[in-house]
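Worksheet: one structure, shown below.
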Amino acid sequence: MNRREISDAVFDVGWRYVLGTLMTTVPVGSVGQAAQVAARCAAAAGEDADGHLWLDLRADHVHLSLQTIGAGRPGERDIALARALTAALREAGLTTVPAAGRAVQLLEIAVDALDIPAVRPFWKAVLGYEDEPGAATDPGAAVADPHRLGPTVWFQQMTEPRAERNRIHLDISVPHDAAADRIAAALAAGGVLVSEAAAPAYWILADAEGNEVCVTTWQGRD
């Protein structure tokens, strides 16, 4: 399945496809209710829970993520699970929505480097991270928090030294239907649009001193 097919398959049940992950939130009123949501989700996912489902419990919402562990992207089983989880939660009077306070999102840090194999081991070691899938064949593959708490770090190839611009930037991946509002808010807060040449895959923005961030979506990548 391509990215559009994945997104379309879960959009109507309140899930969003963000950076190789299906994501949604379930509004709740307490930590106790959040625990009940987690238990209901685990039961609905059954034997697939451990290989596909991540849960983050808070007092006002439960954040749900689906991805086939080891594959680095969702598959047809993840799509089926998203729909099954939503159905199970609706039976309890709960909803799956792509925002609880803010849109679901994933943060990455990009390190621009001339010699990626020389710098990648440092970032992996100093952060206590592990290889993402594909590292065996790609020396520049991203490194990720094994507990999925910190942002992924990936490496962008430079062709010549660069002193006039920063060499580390943030990538904030948001649902495709949330990008315009996020960009507008950033510009209203004093940011500048550096480039939209690659939109809707990503827009490059910068703060008042030129530090850059890319707002990215799944669109324009298939």
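Taken together, the values in this text are just the output of simple stated rules run on the coordinates, not laboratory data. Keep in mind that this is a model prediction, so the values were computed, not measured. Note that each Cβ is placed from the backbone with ideal geometry, even for glycine, and that neighbours are counted across all protein chains shown.
Can you give the relative contact order of the chain as a percent, counting alpha carbon pairs under 8 Å and 6+ residues apart? All intermediate terms of the calculation are to be shown ahead of the outcome.
On the way: 406 pairs, mean separation 41.8, N = 222.
Contact order relative to length: 19 percent.
Given H placed 1.01 Å from N in the peptide plane, which residues other than close sequence neighbours of GLY150 have an amide H under 5 Å from its amide H?
ASP145
What is the spin-label model distance, in nm, from SER195 to ASP50 if the labels are put 7 Å beyond Cα along the C-beta direction?
4.5
Across segment 71-189, what fraction of all alpha-carbon pairs, as a whole percent, falls in each successive 5 Å bin from zero upward?
2, 9, 13, 16, 16, 15, 13, 8, 4, 2, 1, 0
Segment 33-109: Rg/Rh from Cα coordinates, Kirkwood Rh?
Value, to two decimals: 0.95.
Would you mind checking which residues have amide H under 5 Å from VAL18's amide H? H placed 1.01 Å from N; only 5 or more apart, or other chain.
The answer is MET23.
If we sort 77-83, 175-181 on the protection proxy, mean other Cβ atoms within 10 Å, highest first, what's the order?
Highest mean packing first, the order is 77-83, 175-181.
Which percentage, to the nearest 5, of the DSSP beta bridges contained in segment 130-222 is antiparallel?
Values: 11 of 15 bridges.
Antiparallel: roughly 75 percent of the beta bridges in segment 130-222.
Considering the zone a paramagnetic label at HIS63 would reach in this model (a point 7 Å from Cα along the Cα-to-Cβ line), which residues of segment 25-54 have amide N under 15 Å from it?
Answer for this model: 25-28, 54.
Using amide H atoms built in the peptide plane, which far-off residues or other-chain residues are under 5 Å from VAL28 H to H?
For VAL28, the qualifying residues are HIS61, VAL62.
What is the sum of charges, Lys and Arg at +1 and Asp and Glu at -1, for the other residues whose Cβ falls under 15 Å from the Cβ of LEU55? If you can, show how the numbers build up before the last one.
Values: positive: ARG40, ARG58, ARG148; negative: ASP48, ASP50, ASP56, ASP60, ASP78.
Net charge around LEU55: -2.
Got a sec to turn the phi values of segment 110-124 into Karplus ³J(HN,Hα) couplings, 6.51 cos²θ - 1.76 cosθ + 1.60 with θ = phi - 60°, whole Hz, x for Gly and Pro?
The phi angles translate into 9, 10, 7, 9, 7, 10, 4, x, 7, 9, 4, x, 4, 5, 4 Hz.
Give, in nm to one decimal, the length gained when the segment between ALA80 and LEU149 is fully stretched (0.36 nm per residue of separation minus the Cα-Cα distance). Please list the in-between numbers first.
Values: separation 69, 0.36 × 69 = 24.84 nm, distance 2.52 nm.
This chain segment gains 22.3 nm when fully extended.
For ALA208 and VAL31 in one chain, what is 0.36 nm times their gap in residues minus the Cα-Cα distance, to one decimal in nm?
Details: separation 177, 0.36 × 177 = 63.72 nm, distance 3.95 nm.
Going from the current span to full extension adds 59.8 nm.
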